[in-house]
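Student: Take this structure, written in structure tokens, and hold onto it; I'll ask about it next.
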Amino acid sequence: ALAWVNRGQGYYDRNDFPQALADLTEAVRILPAVPGGYVGRARCHAMIGEYEKALADFGRAAELQPTNSQILMNRAA
């Protein structure tokens, strides 16, 4: 799943949000207990104006790592 997260991040960095979402969704499907896929996907959703989906993904990532201050700050923003 880490390969999917990394590839999704590469697409995100190139502003290819549909492909980034596809790869990050696959990462979440493969390993739903890893917060990285949710965080990346949330960032993509936010960039394309899907704020409710972004908040849901940040929320799931925060559930998985409740002491991760970076996730909590992203969720609050």
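The values are calculated or read from the model by the stated rules, or taken from the named source; none is laboratory data. All values reported here derive from a predicted model rather than from experimental measurement. Note: ideal-geometry Cβ built from the backbone for every residue, glycine included; neighbour counts use all protein chains shown. With ligands, DNA and RNA removed, areas are computed over all heavy atoms of the protein, side chains included. Shrake-Rupley method; radii C 1.70, N 1.55, O 1.52, S 1.80 Å.
Student: Under 8 Å by Cβ, and 6 or more places apart or on different chains, what pairs join a residue from the stretch 1-25 that is among the charged types (D, E, K, R) with one that is surrounded by fewer than 19 Cβ atoms within 10 Å (Cβ to Cβ)?
Tutor: Listed by first residue and then by second, the contacts come to 23/7.
Student: When residues of the stretch 1-15 are filtered for being open to solvent by 50 Å² or more (accessible area, probe 1.4 Å) and more than 18 Å from residue 74 (Cα to Cα), how many remain?
Tutor: Filtering the stretch 1-15 down to residues open to solvent by 50 Å² or more (accessible area, probe 1.4 Å) leaves 2-4, 6-7, 9, 11, 13-15.
Those still in the list that are more than 18 Å from residue 74 (Cα to Cα) too: 2-4, 6-7, 11, 14-15.
Number satisfying all stated conditions: 8.
Student: Pairs needed: first member in the stretch 29-43, more than 14 Å from residue 2 (Cβ to Cβ); second member anywhere, of a type outside the set (Phe, Trp, Tyr) and crowded, with 19+ Cβ neighbours inside 10 Å; C-beta distance under 6 Å; at least 6 residues apart or different chains.
Tutor: Once the first residue is more than 14 Å from residue 2 (Cβ to Cβ) and sits in the stretch 29-43, its partners that are of a type outside the set (Phe, Trp, Tyr) and crowded, with 19+ Cβ neighbours inside 10 Å give 41/24; 41/57; 42/54; 42/57.
Student: If you don't mind, another one. List pairs: first in the stretch 54-77 and closer than 15 Å to residue 34 by Cα, second basic (Lys, Arg) and open to solvent by less than 70 Å² (accessible area, probe 1.4 Å), Cβ under 8 Å, 6+ apart or cross-chain?
Tutor: 57/41
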